[in-house]
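Readers should treat all values here as calculations from the given coordinates under stated rules, not as data from a laboratory. Computed from a predicted model, the values in this text were never measured in an experiment. Every residue, glycine among them, receives a Cβ derived from its backbone with ideal geometry; neighbour counts consider all protein chains shown.
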Amino acid sequence: MGQRLDSGDLLAPRRGGPSFTRARRRLARPLWRLPWLRGIALLLPPMAWFLLLYVAALAVLFVSAFWSVDVFTTKVVHTWSLDNFREIVTSSAWRRVITRTVVIAFLVTLTDAVIAFPFAYYMARIASGRTRALLFVLVLLPLWSSYLVRVYAWKVILAQDGILNWSLQKAGLPAANIGYTNTAMWLVFSYIWLPFMILPVYAALERIPDSYIEASRDLGARSFKTFRTIIVPLALPGVIAGSIFTFSLTLGDYITPTLVGGASSTFIGNVVYNTGLGAAGNLPFAAAFASVPLVVMAIYLILARRSGAFEAL
Amino acid sequence: METRATRLGLRVWTFLVILFLHLPIVIIILYAFNAQTAQGWPITNWTTKWFSPTLHDGEMQQALWLSLKAGLGATVIALLLGSAAAFAVHRFRFFGREAISFLLVLPLALPGIITGMALNSFFTFWKANFSLWTIVVGHATFCIVIVYNNVIARLRRTPTSLTEASMDLGADGWQTFRFVTFPAISTALISGGLLAFALSFDEVIVTTFTAGVQNTLPIWIFGNIRIGQQLPEVNVIVFVILLVTIIPVTVAQRLTRESGILRNE
Amino acid sequence: MSKIRKAHVLVALLAAALCVPASGAGKTSGLPTKIGKGEGKLTMIGWEGYLDAKWVKPFEKQTGCKVQAKYAGSSDEMVTLMRTGGGGQYDMVSASGDASLRLIYGKDVQPVNTKLVPGWSQFFKAFQGPPNNTVGGQHYGISLQWGPNTLMYNTKKIKKAPTSWGDIYSSKYKGRITVPNNPIQIADVALYLSKTQPSLGIKDPYELNKKQFDAAIALVKKQKPLIKKYWGLSSDEVSLFKNGDTWLGASWPVTTGTLQAAKVPVKEIIPKEGATGWLDTWMLSSKTKHPNCAYKWYGYISSPKVQALQAVTWGETPANKLACKEMDKLSKGSCAAYHANAPESYYRSIKFWKTPIADCGNGKKDCTDYTKWVSAWTQATS
């Protein structure tokens with residue numbers, strides 16, 4: 001060929017070939033000479049979408065948390081103040097709502113982690129290929145049946161004359177009055193988000209190489225020690241990844257508290273929904289209240305990133 | 001490695017979890033045959049009379065069609081933007097690289113009501129008409145991260161030696177992508193796309209804030225739950241959807257079965 | 001040839017000058033004087049079941065105006081929807097009294113010419129210009145239907161019929177009570193206090209000064225431990241009573257009807273302290289693109305036959321006097337059951353919902369506004 005080869009040529013477009021291919025390669029040449037151009041071309045569309053649509057919308061919403069609403073005209077006035085935040089911190093009712101939401105979100109996450117781990121372990125490391133495939137389908141299928149209808153089905157189960165009490169009665173046990181209580185909400189939330197915890201934990205457990213387990217055994221560790229020192233730390237990012245979903249989805253939900261909650265079940269999402277909408281239209285206050293789950297999740301996400309959970313998502 | 005007792009215990013636990021996951025599904029199916037509109041227990045009169053009116057309900061058909069269109073639109077956008085972002089983060093080093101995955105996961109990590117209200121105010125500010133496109137924008141925003149995660153996980157497991165070998169053998173960028181890279185990530189795209197579609201299809205909170213005059217299926221379902229006079233119709237449509245989706249979910253699962261490179265299968 | 005005086009020219013010019021804004025601007029100043037040709041489309045926001053095919057399909061056939069329905073679950077949602085896309089995406093909204101004034105003051109709706117609606121003259125006087133849709137003599141919509149907020153009880157569990165609202169504020173049926181999760185419920189509490197604590201001086205349960213408002217909120221807080229669940233949707237209350245979770249609660253006639261049809265033993269009464277009620281108005285968007293179809297709808301939905309059909313289907317009471325006969329034709333005894341033929345004094349005794357505003361006309365501008373109602377109610381019930 002008579003050309004001097006240099007490293008650039010290894011990645012350079014070839015010469016010759018049909019005219020369409022040649023034109024395509026000529027156009028692609030700057031992308032090869034300047035690799036950062038390729039990077040920008042790949043990065044620009046998603047980033048533009050996010051920054052111009054989503055982040056801009058979020059920013060506007062949270063800036064309005066520092067404004068207030070004029071009592072007489074009901075319009076938002078752009079006077080800067082921390083009054084909304086002050087009200088949230090000083091009112092015992094608002095603090096109660098926030099505490100209740102965070103505590104239940106935490107309990108739901110814990111419950112789902114405990115339920116999902118053995119299940120994912122069985123699915124990833126013990127089940128045969130066919131069983132695993134079946135379990136996969138069985139876990140994903142509920143996600144296709146409407147969230148609303150599944151929550152509504154729990155109403156029937158937990159009601160006073162519902163299926164749970166009917167079954168307990170038939171078994172001669174006393175009735176469990178958990179309909180329309182926070183216990184009911186904890187149960188329903190744990191149920192609804194369970195697939196979101198199972199999938200990342202399964203992915204993390206499935207990735208653990210058998211050689212690690214064998215090496216641990218060769219070095220003399222018994223099964224529980226292997227479990228504790230090898231499997232759990234490697235599976236932890238998966239658990240944390242799943243917990244991001246269960247925690248944040250519970251933190252922001254307002255539909256399940258409305259359907260299965262009782263008289264003391266107001267969640268952060270309910271407050272944001274009730275105060276932000278329509279006739280009352282106190283969007284600044286709703287934005288301020290919505291910044292609470294935002295801050296909680298931001299802290300949670302930063303901690304999760306440190307633990308490497310993002311790789312396991 | 002595990003003892004027999006442990007295996008047995010895990011098998012029982014798995015069985016109980018599957019029961020737990022599917023108990024409400026069974027109840028939904030049972031109530032599709034309930035003669036009464038109010039859902040009480042036990043069911044006294046059984047009937048199949050709800051099936052035909054539900055499937056012929058014009059509002060339901062419109063809502064289902066809109067949900068399918070929105071899901072498709074959101075999934076396509078998510079596939080394009082999500083994989084573009086995954087390639088960029090995987091192949092290039094740049095300022096703020098770590099922040100990208102943080103940014104992309106925000107729509108899922110933040111409560112849906114925040115995303116919904118933010119987008120609603122934003123669209124209202126720009127006097128945009130609320131229509132299919134506002135719904136698609138809302139859904140695509142949280143679907144992008146699903147595709148992104150799947151693709152980047154797969155890219156991390158695909159040895160770069162494959163693309164280098166392809167170039168060495170004389171393929172240009174497009175040919176390498178078409179014959180080497182795309183097949184490697186195709187199953188990640190399928191599983192990511194399917195999960196994204198499922199999320200979009202069932203989404204109700206963000207959609208309430210970004211929908212226009214027409215309803216998606218979840219909003220239609222919520223409306224029926226509100227009025228409570230056509231509840232069995234809701235159960236019927238969910239039952240039908242479940243039956244219909246068993247096939248694509250099974251197929252997708254077959255396609256995306258990972259052969260564990262590091263595990264002894 | 002008569003002389004054209006300068007004065008005549010001046011008068012003509014003045015008249016022309018006055019006419020120009022009236023004809024050009026159309027929407028903001030003068031009311032339309034006649035209904036033109038239909039535009040072929042009409043988008044409406046309504047309560048679930050208000051745009052039932054039973055009466056919408058004949059309307060579409062009659063007028064050629066294709067109806068597109070959007071359902072909302074609360075008045076707040078309706079206000080938000082009306083403001084989406086800069087307004088103008090929806091033509092009409094069936095707003096209840098707790099939101100209508102906000103829509104009027106927010107300039108989201110425009111006045112209507114009641115002369116173009118033949119059924120309006122057949123309405124009970126109380127519904128022709130009620131304060132929740134008539135401001136400064138201008139009618140911002142046409143009344144549609146109304147219903148009282150009643151006290152419903154399970155006759156098997158509560159043998160002796162209650163006579164007072166006090167039963168939902170006392171611990172007699174603790175944990176078996178339900179009331180609506182709606183800030184406007186504070187007005188019901190205020191109504192009860194106006195009879196039991198006259199020293200507070202509550203005249204209008206929607207116009208409460210700080211002292212009266214605080215007293216009402218205190219009672220709401222006292223009531224909270226007695227409540228099993230605050231119902232948000234009529235179907236919530238239906239399942240609460242059907243599944244035995246509650247025995248007593250504030251309710252709507254439609255809920256009682258649904259339960260009785262499901263063979264649940266319930267009855268409803270209006271206790272001795274009186275009742276609040278809701279009155280729905282079809283309002284016209286100030287940015288509507290289909291005013292002619294809208295006026296055709298007004299004429300249709302206010303006519304006696306359609307009023308009766310909606311009343312019997314949904315379970316509410318028509319604003320049109322002449323609907324009573326038609327209701328009995330559809331369902332015998334329904335007219336009396338829904339109080340569609342009561343004397344005017346009965347309607348005036350019901351304290352219909354209206355949006356609480358700060359400037360409530362007592363000169364002092366110290367009434368509690370609805371934003372505070374929402375905040376206080378959400379906190380008290382959380």
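Quick check on my link table: of C:Lys272/C:Lys365; C:Lys70/C:Lys221; A:Lys75/C:Lys224; C:Lys57/C:Lys321; C:Lys195/C:Lys221, which ones sit more than 28 Å apart, alpha carbon to alpha carbon?
Values: C:Lys272/C:Lys365 31 Å; C:Lys70/C:Lys221 35 Å; A:Lys75/C:Lys224 32 Å; C:Lys57/C:Lys321 24 Å; C:Lys195/C:Lys221 19 Å.
Listed pairs above 28 Å: C:Lys272/C:Lys365; C:Lys70/C:Lys221; A:Lys75/C:Lys224.
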Please give the calculated 222 nm ellipticity per residue for chain C, where each DSSP H segment of at least 4 residues contributes -39500 (n - 2.57) and the sum is spread over every residue; nearest 500 deg cm²/dmol?
-> -11000 deg cm²/dmol
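Working from the alpha-carbon coordinates of the protein assembly as shown, get Rg over Rh, Rh being the Kirkwood radius. All intermediate terms of the calculation are to be shown ahead of the outcome.
Details: Rg = 31.4 Å, Rh = 30.8 Å.
Rounded to two decimals, Rg over Rh is 1.02.
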Here the FRET efficiency for C:Lys41 versus B:Phe182, based on Cβ atoms and R0 = 45 Å and rounded to 0.05, is 0.50
Cα lying deepest toward the dipole's positive end in segment A:194-237, options A:Tyr202, A:Phe224, A:Tyr212, charges on Cβ = A:Phe224
Would you calculate the separation in nanometres between label points at A:Lys170 and A:Leu107, each defined as 7 Å from the Cα along the Cα-to-beta-carbon direction?
-> 2.8
In square nanometres, what is the average projected area of the Cα convex hull of chain C?
-> 23.5
Among the helices of chain A (complete DSSP H runs), which have Cα atoms covering no less than 18 Å along the helix axis and a Kyte-Doolittle mean of at least 1.0?
-> A:92-121, A:182-206, A:232-252, A:283-306
Which of B:Cys143, C:Cys65 comes first, and how do the rest follow, when ranked by fewest Cβ neighbours within 10 Å?
-> C:Cys65, B:Cys143
Trypsin sites (Lys or Arg not before Pro) within segment C:306-367: DSSP coil, no more than 16 neighbouring Cβ in 10 Å = C:Lys332, C:Lys364, C:Lys365
Would you list, by chain and number, the aspartates and glutamates whose Cα falls below 17 Å from the Cα of C:Lys332, excluding same-chain residues fewer than 8 positions away?
-> C:Glu316
Size of charge dipole - the protein assembly as shown - debye, nearest 20, with Cβ of Lys, Arg +1 and Asp, Glu -1, no other charges = 740
Can you flag which of C:Lys222/C:Lys351; C:Lys160/C:Lys211; C:Lys34/C:Lys305; C:Lys37/C:Lys329; A:Lys170/C:Lys229; C:Lys289/C:Lys325 are past 29 Å Cα-Cα?
-> C:Lys160/C:Lys211; C:Lys37/C:Lys329; C:Lys289/C:Lys325
Would you list which aspartates and glutamates come within 16 Å of C:Lys174, measuring only between C-alpha atoms, while excluding same-chain residues fewer than 8 positions from it?
-> C:Asp245
Excluding residues fewer than 8 positions from C:Lys159 in its own chain, the aspartates and glutamates with Cα under 15 Å of it are C:Asp167, C:Glu268
Considering the dipole of chain B built from charges on the beta carbon (Lys and Arg +1, Asp and Glu -1) around the Cα centre, which of B:Leu169, B:Asn129, B:Ile219 is farthest to its positive end?
-> B:Leu169
Going by alpha carbons, how many degrees (0 to 90, nearest 10) lie between the helix axis of B:182-202 and the longest principal axis of chain B?
-> 30
With Cα coordinates, the longest principal axis of chain B makes an angle with the long axis of helix B:97-109, in degrees rounded to 10, of 10
Dimensionless Rg ratio for segment C:222-303, taking C-alpha atoms and the 2.2 N^0.38 Å reference = 1.56
Relative to the longest principal Cα axis of chain B, at what angle does helix B:58-91 sit, 0 to 90 degrees, rounded to 10?
-> 20
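Mind checking which helices in chain C clear 18 Å along their axis (Cα) and have mean Kyte-Doolittle hydropathy of 1.6 or more, DSSP H runs only?
Membrane-span-like by this criterion, though nothing is claimed about a membrane: C:6-24.
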Chain A, Kirkwood Rh and Cα Rg, ratio Rg/Rh at 1.11
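If you keep only loop residues by DSSP, which trypsin sites (Lys or Arg not before Pro) in segment C:194-238 have at most 12 other Cβ atoms within 10 Å of their Cβ? Before the final figure, lay out the partial values.
Values: sites: C:Lys195, C:Lys203, C:Lys210, C:Lys211, C:Lys221, C:Lys222, C:Lys228, C:Lys229; in loops: C:Lys203, C:Lys228, C:Lys229.
Hits after loop and neighbour filter: C:Lys203.
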Describe numerically, in nm with one decimal, the distance between label points set 7 Å from Cα along Cα→Cβ at A:Thr79 and at C:Lys107.
-> 2.2
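With the cut-off at 24 Å, tell me which of the pairs C:Lys156/C:Lys263; C:Lys125/C:Lys296; B:Lys69/C:Lys296; C:Lys296/C:Lys354; C:Lys125/C:Lys267; C:Lys172/C:Lys267 have Cα atoms farther apart than that.
Working: C:Lys156/C:Lys263 12 Å; C:Lys125/C:Lys296 22 Å; B:Lys69/C:Lys296 34 Å; C:Lys296/C:Lys354 27 Å; C:Lys125/C:Lys267 30 Å; C:Lys172/C:Lys267 19 Å.
Distance filter (> 24 Å) returns B:Lys69/C:Lys296; C:Lys296/C:Lys354; C:Lys125/C:Lys267.
For chain B, would you read off the P(r) tail past 22 Å as a percentage of all alpha carbon pairs?
Numbers: 23633 of 34980 pairs.
Beyond 22 Å sits 68 percent of the P(r) for chain B.
If you take the square roots of the eigenvalues of the alpha-carbon gyration tensor of segment B:145-241 and sort them as a ≥ b ≥ c, do you get rounded (a/c under 1.5), prolate (a/b over b/c) or oblate?
Because a/c hits 1.5 or more and a/b exceeds b/c, segment B:145-241 counts as prolate.
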Taking a crude spin-label model, label points 7 Å out from Cα along the C-beta direction, the A:Ala28 to B:Phe94 distance in nm is 2.0
